[in-house]
Amino acid sequence: MRTFADHTRNTLDLSAIPFVKRVSHLPILSDPSHGTGRRDKVIPLSRASIAVGADGLLLEVHHDPANALSDGPQSLTPEMFGQLVAEIRPLAAVVNRSLE
């Protein structure tokens, strides 16, 4: 979603997740990498996505984001991805979900 805000490339509308889950039988995936375009926002919005009911996450991960041919500014490093998984595993359990 594009807005007039300039603190991110795009705006990730987390309120859409529970709405779409209510009206659809399909799994709902959140894309915090493209939804923000900023690496520093990906982990917090991934946690938030799981908390509001996302069934999965679409994430950019690159071993050297500064030299990635595309999407470098929004790419997590492998270490950051490991941190994210460690953080969302207990969060998923709180909302009766698990990581598979």
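The values are calculated or read from the model by the stated rules, or taken from the named source; none is laboratory data. All of these numbers come straight from a predicted model, not from anything done at the bench. Note: ideal-geometry Cβ built from the backbone for every residue, glycine included; neighbour counts use all protein chains shown.
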Is it true that some residue in segment 58-78 is assigned to a strand (DSSP E or B) and more than 10 Å from the chain's Cα centre (by Cα)?
yes
When restricted to Ser33, Ser98, the only residue among the small types (Gly, Ala, Ser), within 26 Å of Arg22 (Cβ to Cβ) and touching a residue at least 24 places away in the same chain (Cβ under 8 Å) is Ser33
If the Cβ limit is 7 Å and pairs must be 6+ apart or interchain, which residue in segment 66-94 that is touching a residue at least 60 places away in the same chain (Cβ under 8 Å) pairs with which residue that is small (Gly, Ala, Ser) and part of a helix (DSSP H, G or I)?
Gln74/Ser33
Kindly indicate whether any position in segment 43-53 is farther than 17 Å from Arg97 by Cβ and charged (D, E, K, R).
no
Give me the residue from segment 6-30 that is under 14 Å from the mean Cα position of the chain (by Cα) and among the hydrophobic types (A, V, I, L, M, F, W, C) and, out of that set, modelled with the lowest pLDDT.
Leu12
What are the residues in segment 24-35 that are exposed (fewer than 13 other Cβ atoms within 10 Å of the Cβ) and of a type in the set (A, V, I, L, M, F, W, C), if any?
Leu26, Leu29
In segment 44-73, which residue that is in contact with a Leu (Cβ under 9 Å, 6 or more places away or on another chain) and among the polar types (S, T, N, Q) is surrounded by the fewest Cβ atoms within 10 Å (Cβ to Cβ)?
Ser49
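Among residues belonging to segment 31-48 that are polar (S, T, N, Q) and at pLDDT below 95, point out the one that is farthest from Gly82 (Cα to Cα).
Just the residues of segment 31-48 that are polar (S, T, N, Q), to begin with: 33, 36, 46.
From the residues that got through so far, the ones that are at pLDDT below 95 too are 33, 36.
Details: Ser33: 15, Thr36: 20 Å.
Checked segment 31-48; the qualifying residue farthest from Gly82 (Cα to Cα) is Thr36.
Let me confirm something: among Lys41, Lys21, which residue is assigned to a helix (DSSP H, G or I), touching a Ser or Thr at 6+ places or on another chain (Cβ under 7 Å), surrounded by 11 or more Cβ atoms within 10 Å (Cβ to Cβ) and charged (D, E, K, R)? Explain how you work it out, then say what you get.
Numbers: Lys21 fails: touching a Ser or Thr at 6+ places or on another chain (Cβ under 7 Å).
After applying the criteria, what remains is Lys41.
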